[in-house]
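**Q** Please read through the structure below; I'll follow up with questions.
The values are calculated or read from the model by the stated rules, or taken from the named source; none is laboratory data. Bear in mind the structure is a predicted one, so any value in this text is a computation, not a measurement. As a convention, Cβ positions derive from the backbone with ideal geometry for all residues, glycine included, and neighbour counts pool all protein chains shown. We work out accessible area using only protein heavy atoms, side chains counted, and drop any ligands, DNA or RNA first. Shrake-Rupley method; radii C 1.70, N 1.55, O 1.52, S 1.80 Å.
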Amino acid sequence: MIRLKQPLVLSAQSGNVASPLFATAAAASSQQRRAPGPRAGGRVRARRISCASTEEAVGVSTSVTTKERNLTVTAIVTAQKPTSMYISRGLDDLQDLMGKTLLLELVSSELDPRTGREREKVKGFAHMTLEEGKYEAKMSVPESFGPVGAVLVENEHHREMFIKDIKLITGDDESTAITFDVASWVHSKFDNPEPRVFFTIKSYLPSQTPPGIEALRKKELETLRGDGQGQRKFHERIYDYDTYNDLGDPDKNIDHKRPVIGGKELPYPRRCRTGRPKTIADPETETRSSPVYVPRDEQFSDIKGMTFSATTLRSGLHAILPALSPLLNNTRCFPHFPAIDALYSDGIPLPVDASASFNIINDVIPRVVQMIEDTTDHVLRFEVPHMVERDRFSWFRDEEFARQTLAGLNPICIRLLTEFPIVSKLDPAVYGPPESALTKELLEKMMNGLMTVEEALQKKRLFMLDYHDVFLPYVHKVRELPDRTLYGSRTVFFLGDEGTLMPLAIELTRPQSPTKPQWKCAFTHGPDATESWLWKLAKAHVLTHDTGYHQLVSHWLRTHASVEPYIIATNRQLSRMHPVHRLLHPHFRYTMEINALARESLINADGIIEEAFWPGRYSIELCSVAYDATWQFNTEALPEDLISRGLAVRQDDGELELTIKDYPYANDGLLIWNCIEQWASDYVTFYYKSNEDVTNDQELQAWWEEVRTKGHADKKDEPWWPACDSKDNLVQILSVIMWVTSGHHAAVNFGQYHYGGYFPNRPTVVRKNIPVEENRDDEMKKFMARPEEVLLQSLPSQMQAIKVMATLDILSSHSPDEEYMGEYAEPAWLAEPMVKAAFEKFSGRLKEVEGTIDERNNNPENKNRCGAGIVPYELLKPFSEPGVTGRGIPNSISI
């Protein structure tokens with residue numbers, strides 16, 4: 001069922017009703033600007049309803065000089081009830097009693113034919129009614145006023161007010177009602193004397209804007225752009241760009257100084273400007289504050305705020321983790337695997353004297369802190385992750401290690417191996433010999449003589465997970481950090497006849513240094529115990545590399561960070577009346593707020609990512625390196641991404657052929673991509689009748705220019721940016737943005753607890769070098785005697801593991817007010833029958849995708865998603881219930 005985000009009343013035209021509010025603004029604009037006949041683009045002009053007086057309707061003649069009759073218009077404002085007390089609440093209550101809560105001004109879509117200027121606005125105060133949250137105003141409107149194109153709202157309260165919608169009714173006839181979808185915070189006039197403007201739900205390209213609201217359309221965009229000066233205030237709605245210069249706090253601790261991310265040295269997408277002053281210790285670093293400014297309408301709803309907020313990460317985790325410190329030494333490893341299993345069964349008893357802290361976190365992570373039955377004691381106990389629940393030993397097997405590259409949490413990094421021998425592109429003078437330790441002889445041996453390397457390449461049977469060149473420059477830096485290590489790594493997989501992958505070999509590399517030569521070694525699952533345990537240790541290193549890359553690049557960079565510039569540019573350059581703004585708006589819900597919270601508590605200096613993931617203080621710096629080396633807008637499209645990695649080939653008919661037929665992420669992702677692309681195509685076709693309409697759209701062109709030259713300024717000169725010069729290119733641009741915010745993000749986010757909640761499956765850090773690197777007698781002796789203990793000592797500490805598991809539980813959860821793609825229709829879409837029909841088709845196709853995915857998961861021929869103990873691939877199932885479900889595609893990056 002398609003749901004409405006806000007109540008919507010569509011006007012029902014009736015020939016017996018005399019109402020200036022019925023006449024569509026499109027018709028008014030057409031009459032004033034164009035000769036009679038069909039509207040530009042072939043659409044039929046909406047019928048203009050005349051505003052004849054009652055006497056004229058019954059045949060009574062009236063004089064031409066008869067004074068113009070006024071019509072009574074009732075404005076009903078639906079607002080959210082104030083949820084808290086504040087100092088000036090008494091004054092505001094008094095203002096309500098006086099009947100002056102909101103000052104409304106109706107703006108005509110037409111110009112005054114006598115002066116050629118905007119008509120005089122009709123004003124009226126809205127007063128509180130007996131129905132909670134409802135305000136009402138009676139206004140006398142001249143019958144020649146024409147269609148209302150906008151409503152200005154001035155909030156007379158001292159506190160902001162959230163307005164849901166404004167309904168205008170002519171006379172007492174509900175059938176005349178037209179609704180302005182507001183869904184926005186209206187600031188107090190004491191904070192800003194300028195009223196808010198809300199436009200009709202009908203969408204207009206700039207050239208089609210009714211003349212009476214043209215100036216307002218331009219003024220509103222100027223307001224949203226701001227002047228780039230001063231510190232932003234909580235109530236403001238100004239969108240502007242800045243670099244990531246607020247991750248450290250050198251005034252608090254000079255060791256928290258971090259480089260500015262964004263610019264020539266460290267390229268990066270831009271974030272929203274806050275205008276906070278610079279720190280004393282470092283003039284390049286912006287001071288930190290809480291909360292971090294984001295434009296008011298980008299902030300969480302009350303429901304979302306209760307389920308995920310700064311409190312969740314900062315107050316919750318910071319309350320419980322210090323209480324655990326006496327129990328868990330931060331460097332202490334788990335003594336044995338049953339101790340890890342106990343986190344999900346017995347749990348860890350928590351100190352009685354810290355119950356207040358537990359109440360805080362219990363409110364936000366109820367799945368983690370639980371009360372022991374029949375007692376008042378609390379225990380830290382985690383839910384059993386889905387993959388461990390199905391098969392507790394799956395993480396240990398090579399088959400699962402390989403399967404998760406196609407159907408796990410990070411299925412977007414594996415590539416077809418196309419060149420051999422494998423050679424590093426890094427400078428050998430700095431990093432050592434470029435040749436790989438993965439030789440032809442080794443790979444052919446591990447293929448059991450089935451074919452030569454050359455034959456395997458020709459048959460597209462070899463694939464690689466390559467974290468060699470991207471990580472090698474950071475090996476020595478990371479090794480200087482306490483209790484962690486790093487290698488560059490390569491893992492080669494073989495595609496068998498049954499369509500599943502098997503790992504053949506892993507290469508670990510330490511680059512040369514002034515004191516040591518380069519070290520590299522190839523590991524395989526050998527026939528004896530020693531090689532088998534070294535292989536398990538090598539896999540742990542690779543999994544750690546994949547986990548770090550997933551969190552920083554596949555997830556944070558390619559969704560959160562890269563999308564924020566799209567949001568800023570959309571609000572700065574596309575009017576709320578613009579059809580593209582209204583198409584993209586649901587895909588941007590909560591993203592700027594979640595990104596601000598990430599800068600506050602996740603990716604900041606000594607934040608959760610730095611503390612618990614192996615890159616430490618180099619996390620976002622490394623993310624910048626990956627952005628510079630790999631990020632391209634065109635390959636963010638799923639089909640182009642698959643082609644660029646060699647995982648698909650485009651046929652002559654335009655269809656894709658997958659290199660690995662049973663590739664669950666690609667199989668399901670292409671279904672979602674095709675639904676999005678068709679919806680975008682139908683939408684664009686309705687509003688743009690020709691390529692010239694696209695190129696002549698000044699707002700659209702300014703938007704795309706700003707995305708490239710300001711939002712992603714460090715890549716503005718790259719040749720791969722598509723030109724926004726045709727309907728087809730516009731569809732592709734919009735499809736990329738809609739896919740990244742929905743399907744891509746869902747695929748790399750909502751399985752985090754399912755796959756990472758059992759941390760040996762996806763360790764966030766490895767703390768010890770592999771024993772054979774130095775071949776020290778004491779290390780090798782310990783390894784030979786107790787290899788399991790060496791593995792446990794290499795994995796995250798107890799504190800690191802618990803912190804990550806609690807964080808992943810939060811990040812994997814759907815909010816109760818989640819808006820899933822295809823579920824909620826924007827009012828503006830429903831106002832146009834053809835757009836409404838296109839959305840209904842889009843929604844229906846997504847429901848069909850649900851069934852298709854279920855069928856695939858139950859098909860035993862699909863061995864990468866169906867089998868004994870295998871977790872079905874559901875990350876791209878469109879819909880979900882709240883909580884940690886491992887499925888569901890929200891419209892936006894909302895967590």
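**Q** Within the bounds of the range 700-721, is there any residue that is more than 22 Å from TYR627 (Cβ to Cβ) and either of a type in the set (D, E, K, R) or surrounded by fewer than 24 Cβ atoms within 10 Å (Cβ to Cβ) (or both)?
**A** Yes - at least one qualifying residue is present in the range 700-721.
**Q** State all residues of the range 163-200 that are open to solvent by less than 10 Å² (accessible area, probe 1.4 Å), out of contact with any helix residue (DSSP H, G or I) (no Cβ under 6 Å at 6 or more places or on another chain) and small (Gly, Ala, Ser); if no residue qualifies, say none.
**A** Hits for the range 163-200 are ALA177, SER188.
**Q** OK, next. Filter the range 600-616 for residues that are in contact with a His (Cβ under 9 Å, 6 or more places away or on another chain) and within 17 Å of LYS477 (Cα to Cα); which is surrounded by the most Cβ atoms within 10 Å (Cβ to Cβ)?
**A** Only one residue tops the list, namely TRP614.
**Q** So, of the residues in the range 140-162 that are assigned to a loop (DSSP other than H, G, I, E, B) and buried (at least 22 other Cβ atoms within 10 Å of the Cβ), which turns out to be nearest to the chain's Cα centre (by Cα)?
**A** Filtering the range 140-162 down to residues assigned to a loop (DSSP other than H, G, I, E, B) leaves 143-147, 156-160.
Of the ones still in play, those that are also buried (at least 22 other Cβ atoms within 10 Å of the Cβ) are 145-147, 157.
Details: PHE145: 43, GLY146: 41, PRO147: 38, HIS157: 34 Å.
The selected residue is HIS157.
**Q** Another question about this same structure. Is there any pair with a first residue in the range 88-117 that is in a helix (DSSP H, G or I) and a second that is at pLDDT below 95 whose Cβ atoms are under 7 Å apart and which are 6 or more apart or on different chains, and what are they?
**A** Going by the 7 Å Cβ cut-off, the qualifying pairs are LEU91/HIS158; ASP92/HIS157; ASP92/HIS158; ASP92/ARG159; GLN95/THR101; GLN95/GLU156; GLN95/HIS157; ASP96/MET128.
**Q** Does the range 491-506 contain at least one residue that is within 29 Å of the chain's Cα centre (by Cα) and among the aromatic types (Phe, Trp, Tyr)?
**A** There is no residue in the range 491-506 that is within 29 Å of the chain's Cα centre (by Cα) and among the aromatic types (Phe, Trp, Tyr).
**Q** On the basis of being part of a helix (DSSP H, G or I), basic (Lys, Arg) and surrounded by 16 or more Cβ atoms within 10 Å (Cβ to Cβ), does ARG217 make the cut?
**A** For ARG217, the condition - part of a helix (DSSP H, G or I), basic (Lys, Arg) and surrounded by 16 or more Cβ atoms within 10 Å (Cβ to Cβ) - is met.
**Q** Based on what the data block shows, is ASP483 of a type in the set (Asp, Glu), touching a residue at least 24 places away in the same chain (Cβ under 8 Å), open to solvent by 60 Å² or more (accessible area, probe 1.4 Å) and outside any loop (DSSP other than H, G, I, E, B)?
**A** The answer is no for ASP483.
**Q** For ARG599, only one of the following conditions fails: (1) within 29 Å of THR287 (Cβ to Cβ); (2) over 19 Å from the mean Cα position of the chain (by Cα); (3) basic (Lys, Arg). What is its number?
**A** (2)
**Q** Moving to a separate point now. Condition first: touching a Lys or Arg at 6+ places or on another chain (Cβ under 6 Å) and either farther than 18 Å from ARG237 by Cβ or of a type in the set (Gly, Ala, Ser) (or both). Now tell me which residues in the range 270-288 satisfy that.
**A** Of the range 270-288, the ones touching a Lys or Arg at 6+ places or on another chain (Cβ under 6 Å) are 274-275, 282, 286-287.
The answer is GLY275, ASP282, GLU286, THR287.
**Q** Further, regarding this structure: Can you find a residue that is crowded, with 17+ Cβ neighbours inside 10 Å, outside any loop (DSSP other than H, G, I, E, B) and aliphatic (A, V, I, L, M) anywhere in the range 452-459?
**A** Yes, that holds for at least one residue.
**Q** Now for a separate question. State which residue pairs qualify: first residue on the phi > 0 side of the Ramachandran plot and inside the range 157-177, second residue in a loop (DSSP other than H, G, I, E, B) and surrounded by 18 or more Cβ atoms within 10 Å (Cβ to Cβ) in any location, beta carbons under 8 Å apart, and separation of 6 or more residues or different chains.
**A** GLY171/SER19
**Q** Report the residue count in the range 851-895 for those that are in a loop (DSSP other than H, G, I, E, B), among the acidic types (Asp, Glu) and either closer than 20 Å to ILE676 by Cβ or more than 22 Å from the chain's Cα centre (by Cα) (or both).
**A** Looking only at the range 851-895, we keep the residues that are in a loop (DSSP other than H, G, I, E, B), and these are 858-882, 885-889, 891-895.
Now drop any that are not among the acidic types (Asp, Glu), which leaves 861, 874, 881.
Next, only the ones that are either closer than 20 Å to ILE676 by Cβ or more than 22 Å from the chain's Cα centre (by Cα) (or both) stay: 861, 874.
Counting residues in the range 851-895 that are in a loop (DSSP other than H, G, I, E, B), among the acidic types (Asp, Glu) and either closer than 20 Å to ILE676 by Cβ or more than 22 Å from the chain's Cα centre (by Cα) (or both) gives 2.
**Q** Test LEU622 against the criterion of being out of contact with any Ser or Thr (no Cβ under 9 Å at 6 or more places or on another chain), in a helix (DSSP H, G or I), open to solvent by less than 50 Å² (accessible area, probe 1.4 Å) and free of Cβ contacts under 8 Å to residues at least 40 places away in the same chain, and give yes or no.
**A** Considered against the rule, which asks whether it is out of contact with any Ser or Thr (no Cβ under 9 Å at 6 or more places or on another chain), in a helix (DSSP H, G or I), open to solvent by less than 50 Å² (accessible area, probe 1.4 Å) and free of Cβ contacts under 8 Å to residues at least 40 places away in the same chain, LEU622 comes out as no.
**Q** Also, quick follow-up: Looking at GLU848, GLU840, which one is in contact (Cβ under 8 Å) with a residue 24 or more places away in the chain and either in a helix (DSSP H, G or I) or open to solvent by less than 20 Å² (accessible area, probe 1.4 Å) (or both)?
**A** Just one listed residue meets the conditions, GLU840.
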